[in-house]
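The values are calculated or read from the model by the stated rules, or taken from the named source; none is laboratory data. Since this is a predicted model, take the numbers as computed values, not measurements. Here the Cβ positions follow ideal geometry from the backbone for every residue, glycine too, while neighbour counts run over all protein chains shown. Only protein heavy atoms, including side chains, enter the accessible area calculation; ligands, DNA and RNA are left aside. Shrake-Rupley method; radii C 1.70, N 1.55, O 1.52, S 1.80 Å.
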Amino acid sequence: KAKNPDKVKKWKAKARDVYYRRTKQKSKRYQIAKKLWIAKKFKDEEAIYFPHVMDWRGRIYPLPNHINPQNDDLAKGLLEFAEGKRLGKSGARWLKINLANKFGKDKISFSERIGWVEKHHDEILKSAEDPFRNRFWEEADDPWQFLANCFEYKGYTEEGVDYVSHLPVNVDGSCNGLQNFSGMLLDREGGKNVNLTPSEKPR
């Protein structure tokens, strides 16, 4: 039978797209495999350390490339503190805020973030109990860090405020250079716009 030129053309276009997607993902797959290999190699150590260097501006960077506290979502999601701390009420509050942040709910007030976590309590626990079947965590902006938070949240729900957490909770500045200038100049308007003054929602 004669080939249908239109179908052949469409098939070639699809095949080309698949080829380009796989080619682009090749380096990503390598990076993921490398990170997982390093994580498995060091997972039974009591603690690991990250040597840092400082550049001429005073910025500090970790030397290890594949896994470090300033790397991508997967690398950060694999790391935890060697020494844990009891959550307490304040820590439990920040755990919930961090959960919402990692999902992408970081532009609403703290009370709204806590409310979001309480609303999605069941999905968060299911993600921790069986992340392969329950894929809610994949919808997050930072899925691997969010999943790590889900495991901690499960521990908190089981043990309460006495739960000992090893999870880093990130708190980032807003335009740090402008924060410094606004603080030094006592600039109320500038300070308000870079979150130096109290506000219900972040600016």
Members of segment 171-203 found to be of a type in the set (D, E, K, R) and within 26 Å of the chain's Cα centre (by Cα), listed by number: D172, E200, K201, R203
So I60, is it of a type in the set (V, I, T) and either without any contact (Cβ under 8 Å) to a residue 24 or more places away in the chain or under 30 Å from D162 (Cα atoms) (or both): yes
Within segment 145-192, tally of residues that are crowded, with 17+ Cβ neighbours inside 10 Å and without any contact (Cβ under 8 Å) to a residue 12 or more places away in the chain: 1
Tally of residues being open to solvent by less than 30 Å² (accessible area, probe 1.4 Å), over 15 Å from the mean Cα position of the chain (by Cα) and free of Cβ contacts under 8 Å to residues at least 40 places away in the same chain across segment 99-114: 1
Filter result (part of a loop (DSSP other than H, G, I, E, B) and either touching a helix residue (DSSP H, G or I) at 6+ places or on another chain (Cβ under 7 Å) or within 25 Å of K96 (Cβ to Cβ) (or both)) within segment 170-186: N170, V171, D172, G173, S174
Listing of helices (runs of 4 or more DSSP H) fully contained in segment 67-156 that carry 3 or more residues being closer than 22 Å to K201 by Cβ: 88-103, 110-119
